[in-house]
Amino acid sequence: MFSTIIQFFSKAVKSPDIRKKIFITGIVLAIFRLTAHIPAAGIDRTSLQALFLGSPLLSLLDVFSGGTLANFSIMALGLTPYINASIIMQLLTYVVPRLEELSKEGEYGQERINQYTRFLTVPLAALQGFGMYTLLRSQAIIPQLNPLSLAALVLTMTAGSMLSVWLGELITEYGVGNGISFLIFAGIVARLPVTLGQSVAVITAADIFKVGIFLLLSVAIVGLIVFMNEATRQIPVTYARRVGRMGLSSSYIPLRLNQAGVIPIIFAVSLVLLPSLASQFLSGVGNPKIAQVGSHLAEVFNPASLIYNVIYFLLVVGFTYFYTSVVFNPERISENLQKSGGFIPGMRPGSQTTKYLSQVLNRITLVGAVFLGLIAILPSLFQNVIGVANLAIGGTGILIVVSVILETTRDIEAQLVMKRYETFLR
């Protein structure tokens, strides 16, 4: 197996174009990680890190930001404002007729929607930067700032967030794989040694057996994630071909079990953490009634609570269906099949084919959505079953890491195949 992997990457490195893309990706990641350690001014970092260690919610946010939030760097907001802007724009696509028309205009329309998403990211980043300042101010971690200093801090955090978006788009355009997912992947991997170190430090002799179970289950989960990411349902398609005389040729449409990838979990995390963040802010307010509401909200939306995990699971399932409908349009597939002279055996071209594809897609998406939802709430399940809170496996983090590696490998493999075809045509 390892010899196959080494052979694959040796072939990739030998290709000048792929080598250039890998080099650009590495440079952008290095810039991202170096910039992520530039701290913002006026922060008590000792108190800040103590706050993050004592809050599962903030620790989860810190993992997704790659450690930039606990250090409160200039990129502390990370890609969260851009992800929220993407959610809003995709929802507006179903409401605003002009955006719906743009979504059907191919590459040009998608580029315009991406531009609107970037515009929307700026005010969202400023709003979240102010919210983060207010949260830390309520915890006495950051002093009261005058309007000019506060504006400078919010502007710095907004600029850091937009820099993260720009670096991610550089990877998407000139590097390997999806840049936004790649930066989140880099942040999770960068925090992995710290997380493992903290977990190992508190392990006792009585936990050795539980650790063994944890490691075995981790390997099984990684294998299951790979299997679910690669699983496809093949829809047979027959094409009419005229080669001297009429004939038929067969092919198939591969419907992936998980069409949406890791995007639903990233979207769901961005929304499910909002009540918890609001509770952190309200708990520090001077009014006792408001503080009591914040404390109750924090109790209800504690990452270990049942309500939090149920809402998280349902959000992941909902976003999986939503994003699958965005990336795979049965009506468009049916129309393209009809134009190319293809048909699904036993199905009439047109509306019947569209209905059949929709039914199949809904059934397999249910399996993929439930799987993603279970992966998302995996930390709580591990805490309750194994009983070692510090070893709660980050199902979301593992899913993102494995999915990004598989996606990057597929991207490189596709480019290698294309190079072989180019050589053959010459």
Inset, instruction - Being assigned to a helix (DSSP H, G or I) and not hydrophobic (A, V, I, L, M, F, W, C) is the filter here, so list the residues in the stretch 136-160 that pass it. - result: 137, 138, 147, 149, 156, 158, 160
Inset, instruction - Go through 371, 382, 301 for me and flag whichever is open to solvent by less than 50 Å² (accessible area, probe 1.4 Å) and modelled with pLDDT of 80 or more. - result: 371
Legend entry - Residues within the stretch 314-367 that are part of a loop (DSSP other than H, G, I, E, B), over 26 Å from residue 90 (Cβ atoms) and open to solvent by less than 80 Å² (accessible area, probe 1.4 Å), tallied: 8
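Per-residue answers, yes or no, for (1) open to solvent by 30 Å² or more (accessible area, probe 1.4 Å); (2) modelled with pLDDT under 70; (3) in contact with a Leu (Cβ under 9 Å, 6 or more places away or on another chain):
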| residue | (1), (2), (3) |
| --- | --- |
| 197 | yes, yes, no |
| 213 | yes, no, no |
| 222 | yes, no, no |
| 230 | yes, no, yes |
| 244 | yes, yes, no |
| 265 | no, no, yes |
| 273 | no, no, yes |
| 305 | no, no, no |
Legend entry - Any hit, the stretch 54-67, residues being closer than 14 Å to residue 157 by Cα and either open to solvent by 30 Å² or more (accessible area, probe 1.4 Å) or at pLDDT below 80 (or both): yes
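Each row is one residue, and each column tells you yes or no for (1) open to solvent by 40 Å² or more (accessible area, probe 1.4 Å); (2) farther than 15 Å from residue 77 by Cβ.
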site	(1), (2)
104	yes, yes
113	no, yes
125	no, no
129	no, no
Inset, instruction - With the condition kept exactly as written, say whether any residue in the stretch 79-100 is out of contact with any strand residue (DSSP E or B) (no Cβ under 6 Å at 6 or more places or on another chain), open to solvent by 80 Å² or more (accessible area, probe 1.4 Å), modelled with pLDDT under 70 and among the β-branched types (Val, Ile, Thr). - result: no
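The values are calculated or read from the model by the stated rules, or taken from the named source; none is laboratory data. Here the structure is a predicted model, which is why all the values come from computation and not from measurement. Backbone-built Cβ (ideal geometry, glycine too); neighbour counts: all protein chains shown. Remember, those area values only see protein heavy atoms, side chains included, never the ligands or the DNA or RNA. Shrake-Rupley method; radii C 1.70, N 1.55, O 1.52, S 1.80 Å.
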